[in-house]
Amino acid sequence: MSLQDHRLGPRLASPGATLPVRVELLRQLRRRRTHITLGLAVVLPFVLWIAFSVGRSSPPGQAGVSLTDLAQTSGPNFTAFALFSSASFLFVVLVALFFGDTVASEASWSSLRYLLAIPVPRVRLLRQKVIVAGILSAAALVVLPLVSLALGTLVYGDGAYSSPTGETLPYGAAIVRLLLCVVYLALYLAWVAGVSTLLSVATDAPLGAVGGAVLISILSQILDSIDALGSVRDALPTHYAFAWSDLLTVDVDATDVVRGVLAGLVWATAFGVTAVWWFRRKDIS
């Protein structure tokens, strides 16, 4: 064996060099699940547009303006409606799908023990998979509003954003605000990523991890609707699900936005630390 082989051998066998993000990302991009999920983010704006086209607007003379009517006035309004329709459920499902499938799918395929035998250190394996899941989730969160804005601008024009309260934002300013809304949703939904990862390492059933995260979100939303709970609702992970809409006002009050980001990151940290602790002690059979 040459001197070069001696130098390359330990490097290739080093546990710290196993399972690069690029390799794991390519693996996930080849999966049909990824194609369907990202395809759904592309198709949904077209589904909304078709629904608006075949539906009817509010009857003339009806008091107030509905979100549906505003969605058909400009590209930014159409994008805001798409975000409003997706924030509390669809985005939760997408994030839960990517993160809940991280470890549980490998366990269900009986490939997890072979990955660990390479050897890939457990913490590194979990970290690499979480990074890739984060990349794919961010892609889905960006693709949906991007396609909505392009389609909405093409169909409804590049007019100003109009809120139900009568406030307006110029097209350029509205795009910047919508970008901030997407950033907020990505940070807020970190709690979904955390709980999905925890469930993924705690079970060998991917659907169980994904479904469990979605059920926790639904339960939190139900509890959040109970006024009798008072200030207890502020601690629920879904309490600030629509705080992003505050970013679309002329004079932004970022109080709930900051609280929503902090809540998402705190819950994500708590679930993430627990997931690492659980996975390091899990019996892989």
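Side notes on the structure shown:
- Positive minus negative residues near residue 169 (Lys, Arg vs Asp, Glu; Cβ under 14 Å): -3
- Counting only Cα atoms, region 206-257 measures 43, 28, 13 Å along its principal axes, largest extent leading.
- A prolate overall shape is assigned to region 231-285, the ratio a/c of its alpha-carbon gyration tensor axes (a ≥ b ≥ c) being 1.5 or greater and a/b exceeding b/c.
- Peptides ranked, highest mean first, by Cβ atoms within 10 Å: ranges 23-35, 198-210, 174-186: 198-210, 174-186, 23-35
- When only alpha carbons are used to place a centre, region 247-275 and region 179-218 end up 15 Å from one another.
- Gained length - residue 229 relative to residue 36, 0.36 nm times residue gap less alpha-carbon distance: 65.6 nm
- Size of region 174-285 from its Cα atoms: along the principal axes, largest to smallest, the extents are 57, 36, 22 Å.
- Peptides 45-53, 224-232, ordered by how many other C-beta atoms sit within 10 Å of their residues on average, highest first, read 45-53, 224-232.
No lab work stands behind these numbers, since they all come straight from the coordinates. Just so it is clear, the model here is predicted, and its values are computed rather than measured. Methodologically, a virtual Cβ is constructed for each residue, glycine included, from the backbone with ideal geometry; neighbour enumeration extends over all protein chains shown.
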